[in-house]
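The structure appears below as C-alpha cells.
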Amino acid sequence: MRRRLNRGSLARHLACGATLLLVLGVAPATAGTSAADRLGGTPACEDGWTLAKIRHRFAYGAARVEKRDLSIVEVGKIREIHASVDRPSPIPRRWCKAAVRLSDGSRTTLTWVVEGGVGFAGPGLAYLPDEVEFCVAGHDPWRVHDGNCRTTRRWW
C-alpha cells in the first residue's frame with residue numbers, strides 16, 4: 001500500500017525550517033550597537049545616493065504612471081525634519097523635506113524617509129540595504145502615500 005504525502009504538512013515543515021534557518025543563521029546588526037551608531041549609519045538627507053535614487057524613481061514613475069516626460073531638475077532647501085531609532089521601532093529613520101523644481105517648470109515639495117537596513121526581509125540585518133520612500137506633492141495620483149504625502153512626512 002502506498003502512503004500518501006500530506007502536502008500541507010510538508011509545506012508547513014519547510015516553512016518552519018526556513019524560518020529557523022533565518023532566525024539562527026543571521027545575526028541582527030543592532031546587537032551591541034547604540035541607537036546613535038545605528039542612526040549614524042543611515043544616509044543623510046543630502047546624501048547623493050538618496051537624491052539619485054529619488055530622481056531616478058520619480059522619472060520612472062512619471063513616465064509610466066502619469067504618462068509624462070517629467071523629472072526633478074533642482075532640489076533645494078533640504079532639511080531633516082526628524083530622526084528616530086528605537087521609538088517605537090528598532091529601524092533607524094530620517095524624515096526629510098525639500099523644495100523641488102520639475103522639468104515642466106513647476107515647483108512643489110518633496111518629502112522622503114530614509115530607513116536603514118530594511119531590505120526585503122526585515123529590520124536591522126547587516127547585509128540588507130537602506131531604503132528610501134518619497135512623495136512629490138501633487139504627483140501621487142493613486143494616493144499611495146495618502147493625501148498630501150502623509151506617509152512620508154513626520155505627522156505624529
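Tell me the net charge near S103. Cut-off is 13 Å between Cβ atoms, S103 excluded, with +1 for each Lys or Arg and -1 for each Asp or Glu.
Net charge in that neighbourhood comes out at 0.
Note down the nm distance, to one decimal, between modelled labels 7 Å out along Cα→Cβ at I81 and at R143.
1.9
Once fully extended, how much extra length lies between R154 and D69, figured as 0.36 nm per residue of separation less the alpha-carbon to alpha-carbon distance?
Contour length minus Cα-Cα distance gives 27.6 nm.
No lab work stands behind these numbers, since they all come straight from the coordinates. Since this is a predicted model, take the numbers as computed values, not measurements. Glycine also receives a Cβ, built like all others from the backbone with ideal geometry; neighbour counts cover every protein chain displayed.
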